[in-house]
Structures are given as C-alpha cells and as structure tokens.
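J.: The structure follows.
The values are calculated or read from the model by the stated rules, or taken from the named source; none is laboratory data. Model, not experiment: these values are computed from the prediction. Cβ atoms come from the backbone with ideal geometry, glycine included; neighbour counts cover every protein chain shown.
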Amino acid sequence: MTTNGAGGGAKLPRKRFYRARAHSNPLSDSHFPVPISPEEVDLSQHYPRYFPADKGGDGEEAAAPRRIRFADVGCGFGGLLVGLSPLFPDTLMIGMELRDKVTEYVKERILALRAANPGQYDNISVVRTNSMKYIPNYFRKAQLTKMFFLFPDPHFKEKNHRRRVISMQLLDEYAYVMEVGGIIYTITDVEELGEWMRSCLEKHPLFETVPEEEIKADPVFKLLSTATEESQKVARNGGQTFHAIFRRISLQEE
Amino acid sequence: MEDTAVEEPEVSGAAEFAPALVAAHPHGNSVAVAIGPELRAFDLRAGLPVSLSDECGGRSHSDAIRAICFSVSGALFASAGDDKLVKVWKTDSWRCIRTITSEKRVSAVAISINDLYVTFADKFGVVWLVTLWEDSAEQVSVDNKPVSILGHYCSIITSMKFSPDGRFIATADRDFKIRVTLFPKNPLKGAHEIQSFCLGHTDFVSCITFTSISENQSFLISGGGDSTVRLWDYVNGCLLDTFQVRDKMGELLGPNETDDSSLAIADICPSNDGSLVAVAIQSFSGVMLLACDLVGKKLSFLKVITMEKSYIPTSLASSLSSELLWTVMGASNMPNQASSHLLTRVRIITSFQKDRLSSDDAGPATLEDSDVPHDEKLLLALQGSLDVTKQEEVLASVLAALKVSMHKMLVKKHYSEERREQRKRGRNDKKIKN
C-alpha cells in the first residue's frame, strides 16, 4: 500500500487489511533479518530525517550520535509511539513487534502521519523482531531511558510462564540495555500477570519501585492506559488495569 | 497451539551423535577423555590408568557425556551430559564426591575459580549453580539444590567458562551470542548484572576460552560455526580481531573442500603462555595454530599441523605446566555402534609454545605413538584399544558423521515455505479464520 506524496494524499492505513491473530509464537525463529550487533542497526531506514542515507547508517560521524532512547516492546498497532512522539519530539523511539502484518501496519501509519504532518513523527519507527531473543542485538549497554511493556501476552498455563516477556532471566537483559535511572513501564488487565510482573521486578536486584507520587506526576503514565488499542478495549469493557513501574538502579558491590 | 514440543530444539537424527572430549589437569598430573558415557583418565605422574570410584549417586554416567572440565586449581573435575547428571570428582583419589541431578540434559559445565561452586547449563539455556562442600566425607546436604543464576532465553549454551580472576562468567550459545556476566560474591541470589555481550559471530558459537599474558590482562577467544576465531575485550564487549579460517583453508585445501558448513570451529585451546591458539576445524584432519598477539590484539596464521587423513580432532586440551597439546577423535551414539566400539584416537602435539617455533627442532609436531608419555598404557587406557586397524573402521564412520553433524546439531532447522504450510496443516487448534 503506497502513500501519495506530501500533501493531502496520504491516507492512514485501514486496520482491516492488516488483521492478524493476537498471539504469535515467540519461540519459533521467524524469518526476519536480525542485526549482528547494535553497530549494524541502520538508523537511516528508521529515521531518515536524522540519518540521511547517503551519509551512512548510524550517524557515528556526528559529534554525539543520536541513539534510540525509548523502546516499546510488543508495540502492537503503534498507539503508544504515536502518543509519545509529540511529548518527546527530540527523542528517538522504536517499537518492536513480532507479527509481520502488524509491523507493516505501523510502518504505513508512521509514513502517513509524517506525510500529513510535516516535521512531526520523524522520531518514531518500528522493527519486526523477537525482543525476547534479540534485544542486545539492537541496543548498546545503558542505551535506553524508557522501556514499555503494555498488555503483554499473559501465557496463563504454568508451563508457559517461561514464555512471559517479563521474567527474572529477561530482566537481566532489559537492565543491561537500560541506563541507571531509566524507567520500565508495565501494565496489564490480567491481575495474575500484574502480580507476576510486579513480583519479578521487586525481586530483581537491579530495579526499584518508583513511588506513586512520581508516577502520578509522569506525563507518560496517563498514556499507558489510554493510548493503545488494547487499553482502549479494556476501558470500553470497564476493566481494571494493574501497573508496575520501576527504575533501573546500580548495585553497590562491596 | 504453541504447546506442541516447541521446547525440543529442532535437530535431526544425526544430532544424537556425541563427540569425544579431552581435558588436561592444569598441573599436568592427569588427562581425561570422555566418550559416550565412559570417562577414562590416566595418571601421568604414576604412569597408570585411573580407576574411578563412583559410589555417590548410585550410578555412573548412563548416557553421553557432553562436557568435562578440571578446576583451575586442579583439585576437582566435573563431568555432565545427556543422563541429566553432573558429577564432581576429586582428582587426587578420583572419587566422585557429588552427583547433582538436572531436570534437563546438560550441555556445559564449569567450576568456579575458588572451587566453591559448580555451574551447569541445561538445554533450555538456563545456567544452574550448586555449592560444593569442602570436606568430601560429609553427607550431601538435602537442601543443596541447584539454583538458577542466569539464562540465555530459548537457546542452547555451548560453552561456559569463568574468567581467570573469577570476576566473570562467560556463556556462549547457538544463537551467535556470547554473554559476559559478573559473578557475584554470593551467587546463590543469581548473576543478574551483565557486563557485556560479545556480538559478532554470524553463526553458532561453539567454544570460548580465556587467555592472558599477565595476571591483570586477560582476553576472550571464541570459535564458531561461521568458521572464524575471534579475539575479544570481554570487559567492554569489543571485538578486537577476527581470523577467517575459511580463507586460509581455501588456500591450503583447494576449492573442493571448502564447503561452508564443514568448516565450523570444533574446539580451540590456548597455549599456557597465551601466545598461541590451537584450532580444531570440523572436517580438517589436523590442527591449525594461530599466533595470538595480545599486545597488538591480533590473531594471525602461524602454521598447520596435518595429521593422517582419517584423523579429525573433536576436542583439544592443554595444561598450564606443560607444552603438550592433547587432541582426541571419537564419537558415540552413532547409528549401528555397538557399545564395545567406544573407541577414540588420541594424538598429542608437542612444543605447543611460541618460542619453540624458531628453534632448531621442527617446533610443534605430532608425537608418534611410541613417543607418547607412558606410551602403550596411556593409549590403551584412553583409546580403549591399541589395534589401529580395528580403530580405522570405526573412526571412518565417525569421520563421515563429523562432517555433517555439528551444523545439524546447532543450527535450528529451517523448513521451506511449503514444508511449513504442510506442517501447519497438522495443527488442530485453529479458532480464527484469517
């Protein structure tokens, strides 16, 4: 689906043509390209305004190369990214999504938004990948200042708990790509999953709770329960949400 | 849905094959070979084969041993594998002092620098830790169950080593990654702080090893299915140099032998002074020696030691105190292999040190069987047979399997589009129409 040139011709993509099942198997090695290391991530593909293709992919030659700072893990149809983009216009953000069709939808949506609003939405992009396996391939140590896990797959059966995107094991990797002081945001409408995620974060030595007053003052917090399609569905059905928001800390080793 | 055996790594029948392994005591006291479920050790000081006494846990290994190692002090030895057991042995008496049960098959094992902990990796990519008790006469405490300390999500860990100063534990997996994690003073709570990822391999990482020139400066060397040997600054996750084995093999063997999948690195072993790295390559009948310049941070080709055409080393080992490089060839779990055929072939390379190259003798060279320390006794004990002709038959089939196995074992099977659609037709969980 191509968008027309700048001007009124760019239409937002219709979700109907991008329907996909809600669940995807994170354990199967789907066939998408994976960068061997963060140096290989071609930022000119994602943020052409900041990384013109002819100058080389990752802007290393700039004095302080811009890096992606926010990651939306399991970004779905892109609602959070679209909501965050104007709040942090100078911050590069990326969504990571496993489903092929959904990723295509988000790409088209971003292109259309950029065409319809010149100068805006240049700081968001999406990549099709399995973030449970490849997060260290995309981000350097202490690169991210925010990570988002909105309404992840609950994997109800106990034997499938190891497939949950928040686990003690995976938190090691998320802590590695986050800078000290960075914030991890999780929200779900499934109470048991909410307890699970909170408990993992509490037990993990590299994360500490963010106090409620700070959460309330955070402009991002409100977006968690309003910006995405999933959250809007929950609100329509009058459901409750459970959030766990934690800060990445450093360990004082003696 | 996803409940079908997604947990099993997708491997074909040839993957059941288990290569023979060799390990050398750091002070040169002994050498051990593992072939299938059998552990064979030889006491180099006394010149006698070791008889292992294994009363703990009630049974010796009953299935292929996949990993063995000596501790840095030499006091302990660990073996683990497909029977889901990890056994810890004291190397003075060769008595098994601990048998640890794992829930899954074990792919890698390591002993911490201070001999306090044993870590092992299962086929889910989880690394478990057990505390060892000093006094071997003590009864094993019932609550001393393995604790999981870290994991490579849904991957198989192929190699696991502690850094020489004990501060880090490095783990390599079949998904091209090497992870270096801080090993805390109290590891029972887990090793959560990742120091770095060493990313650069474009295929599975088969082996990693630490090497150092001095006490303060050590580096990591890795070998992989992409036919490269790489040198890393592991503290910062920086790739310092890459040696392309394929290019060199192309020169040496000619075009007909350079099939990509058969040039995977099978094993690497540094010399005790850090100046050389020996490389075993999947279908090469010999050992490649690389010069390792840790000051200039470069790897370069030194020489190739060719052995007889039917000998392909599956594992390499050397000790800190001697200049011998031990190599072994063998395999178990082969189709049509009787248990009496657990044969291995051991060849030793001597002068495995950089400064021996410029001297008048030929430098590193393979020892004839008659020149092997304690010759016949050692060869019989470790190989299982002295009869070279009988061995040749068995080893020929090992050779054939070796040429395809490593690739199949570690590379996840990818089905073509049609096959995938065909496989999907067998699913019975479809609820939504697309």
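J.: Considering only the range B:362-384, how many residues are aliphatic (A, V, I, L, M) and surrounded by fewer than 18 Cβ atoms within 10 Å (Cβ to Cβ)? Let's see the steps before the verdict.
T.: Step one: filter the range B:362-384 for residues aliphatic (A, V, I, L, M), giving B:362, B:365, B:367, B:372, B:378-382.
Next, from what is left, pick out any that are surrounded by fewer than 18 Cβ atoms within 10 Å (Cβ to Cβ): B:362, B:365, B:367, B:380.
Here the count works out to 4.
J.: Looking at the range A:151-254, what helices (runs of 4 or more DSSP H) fall wholly within it and have at least 1 residues that are closer than 18 Å to A:Gly74 by Cα? Explain how you work it out, then say what you get.
T.: Numbers: elements: A:168-177, A:191-203, A:212-217, A:219-224, A:229-236.
So the answer is A:168-177, A:191-203, A:219-224, A:229-236.
J.: In this structure, is B:Leu220 in contact with a strand residue (DSSP E or B) (Cβ under 9 Å, 6 or more places away or on another chain), more than 21 Å from B:Gly274 (Cβ to Cβ) and either more than 10 Å from chain A (Cβ to nearest Cβ) or modelled with pLDDT of 95 or more (or both)?
T.: Numbers: in contact with a strand residue (DSSP E or B) (Cβ under 9 Å, 6 or more places away or on another chain): yes; more than 21 Å from B:Gly274 (Cβ to Cβ): no; either more than 10 Å from chain A (Cβ to nearest Cβ) or modelled with pLDDT of 95 or more (or both): yes.
In short, no.
J.: Might you check whether a residue that is at pLDDT 95 or above, of a type outside the set (Ser, Thr, Tyr) and closer than 28 Å to B:Asp375 by Cβ occurs anywhere in the range B:77-87?
T.: yes
J.: Still on this structure, please answer the following. From the residues in the range B:300-322 that are within 28 Å of B:Ser73 (Cα to Cα) and among the aliphatic types (A, V, I, L, M), which one is surrounded by the fewest Cβ atoms within 10 Å (Cβ to Cβ)? Before you say what the answer is, go through the steps one by one.
T.: Of the range B:300-322, the ones within 28 Å of B:Ser73 (Cα to Cα) are B:313-322.
Next, only the ones that are among the aliphatic types (A, V, I, L, M) stay: B:316-317, B:320.
Details: B:Leu316: 27, B:Ala317: 23, B:Leu320: 14.
Among residues in the range B:300-322 that are within 28 Å of B:Ser73 (Cα to Cα) and among the aliphatic types (A, V, I, L, M), the one surrounded by the fewest Cβ atoms within 10 Å (Cβ to Cβ) is B:Leu320.
J.: Say we look at the range B:175-193 and pick out the residues that are under 25 Å from the mean Cα position of the chain (by Cα) and not in a loop (DSSP other than H, G, I, E, B); which of these is farthest from the other protein chains (Cβ to nearest Cβ)?
T.: It comes out as B:Pro187.
J.: Something else now. Condition first: within 8 Å of chain B (Cβ to nearest Cβ) and crowded, with 18+ Cβ neighbours inside 10 Å. Now tell me which residues in the range A:158-167 satisfy that.
T.: Passing the criteria: only A:Arg163.
J.: A follow-up question, please. Listed residues A:Thr241, A:Thr228; which is within 12 Å of A:Leu150 (Cβ to Cβ) and crowded, with 19+ Cβ neighbours inside 10 Å? Walk me through how you get there before you give the answer.
T.: Working: A:Thr241 fails: crowded, with 19+ Cβ neighbours inside 10 Å.
Only one candidate passes the filter, namely A:Thr228.
J.: If you go through the range B:184-233, how many residues are buried (at least 24 other Cβ atoms within 10 Å of the Cβ), more than 18 Å from A:Lys133 (Cβ to Cβ) and aromatic (Phe, Trp, Tyr)?
T.: Residues that pass the stated criteria total 1.
J.: Anything in the range B:148-167 that is surrounded by fewer than 23 Cβ atoms within 10 Å (Cβ to Cβ), more than 11 Å from chain A (Cβ to nearest Cβ) and not in a loop (DSSP other than H, G, I, E, B)? List them, or say none.
T.: Scanning the range B:148-167 gives B:Met160, B:Lys161, B:Phe162.
Yes or no, residue by residue, for (1) surrounded by fewer than 18 Cβ atoms within 10 Å (Cβ to Cβ); (2) modelled with pLDDT of 75 or more; (3) closer than 29 Å to B:Asn236 by Cβ; (4) touching a strand residue (DSSP E or B) at 6+ places or on another chain (Cβ under 8 Å):
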site	(1), (2), (3), (4)
A:Glu39	yes, yes, yes, no
A:Tyr47	no, yes, yes, yes
A:Tyr50	yes, yes, yes, yes
A:Pro65	yes, yes, yes, no
A:Gly79	no, yes, no, no
A:Asp90	yes, yes, yes, no
A:Val102	no, yes, no, no
A:Glu108	no, yes, no, no
A:Tyr121	no, yes, no, no
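J.: Follow-up. Return the residues of the range B:282-337 that are among the hydroxyl-bearing types (Ser, Thr, Tyr) and under 24 Å from B:Val31 (Cβ atoms); say none if nothing qualifies. Before the answer, list the steps.
T.: First, pick out the residues of the range B:282-337 that are among the hydroxyl-bearing types (Ser, Thr, Tyr): B:283, B:285, B:300, B:306, B:310-311, B:314-315, B:318-319, B:321-322, B:327, B:332.
Selection gives B:Ser285, B:Thr306, B:Ser310, B:Tyr311, B:Thr314, B:Ser315, B:Ser318, B:Ser319, B:Ser321, B:Ser322, B:Thr327, B:Ser332.
J.: On to the next question. Return yes when A:Phe139 is in contact (Cβ under 8 Å) with a residue 40 or more places away in the chain and away from chain B (no Cβ under 14 Å) and no when it is not.
T.: Criteria not met by A:Phe139.
J.: Which one of the conditions (1) more than 11 Å from chain B (Cβ to nearest Cβ); (2) within 22 Å of A:Val234 (Cβ to Cβ) does A:Glu179 fail to meet, given that it meets all the rest?
T.: Result: A:Glu179 passes all but (2).
J.: I've got another one for you. Any residue in the range B:115-128 that is free of Cβ contacts under 8 Å to residues at least 40 places away in the same chain and within 14 Å of B:Ser163 (Cα to Cα) sitting within a Cβ distance under 7 Å of a residue that is surrounded by fewer than 21 Cβ atoms within 10 Å (Cβ to Cβ) and not aromatic (Phe, Trp, Tyr)? List the pairs, counting only those 6 or more apart or interchain.
T.: Listed pairs, sorted by first residue: none to list.
J.: Still on this structure, I have one more. Determine if the range A:53-60 includes at least one residue that is surrounded by 17 or more Cβ atoms within 10 Å (Cβ to Cβ), at pLDDT 95 or above and in contact with a helix residue (DSSP H, G or I) (Cβ under 7 Å, 6 or more places away or on another chain). Steps first, please.
T.: In the first step, residues of the range A:53-60 are kept if they are surrounded by 17 or more Cβ atoms within 10 Å (Cβ to Cβ); the result is A:58-59.
Now narrow it down to the ones that are at pLDDT 95 or above: none.
Within the range A:53-60, none of the residues are surrounded by 17 or more Cβ atoms within 10 Å (Cβ to Cβ), at pLDDT 95 or above and in contact with a helix residue (DSSP H, G or I) (Cβ under 7 Å, 6 or more places away or on another chain).
J.: Next question, about the same structure. What single numbered condition from (1) in contact with a Ser or Thr (Cβ under 6 Å, 6 or more places away or on another chain); (2) touching a residue at least 12 places away in the same chain (Cβ under 8 Å); (3) more than 30 Å from B:Ser155 (Cα to Cα) fails to hold for A:Arg109?
T.: (1)
J.: If I ask for residues that are under 22 Å from the mean Cα position of the chain (by Cα), within 7 Å of chain A (Cβ to nearest Cβ) and β-branched (Val, Ile, Thr), which ones from the range B:194-216 would you list?
T.: B:Thr202
J.: Checking the conditions here, which among B:Phe204, B:Phe168, B:Phe183, B:Phe197 is at pLDDT below 95 and aromatic (Phe, Trp, Tyr)?
T.: Working: B:Phe168 fails: at pLDDT below 95; B:Phe183 fails: at pLDDT below 95; B:Phe197 fails: at pLDDT below 95.
Only one candidate qualifies: B:Phe204.
J.: Pull up the range A:198-217, narrow it to residues that are surrounded by 15 or more Cβ atoms within 10 Å (Cβ to Cβ) and more than 14 Å from chain B (Cβ to nearest Cβ), then point me to the one that is nearest to A:Phe88 (Cα to Cα).
T.: The extreme case among them is A:Ile215.
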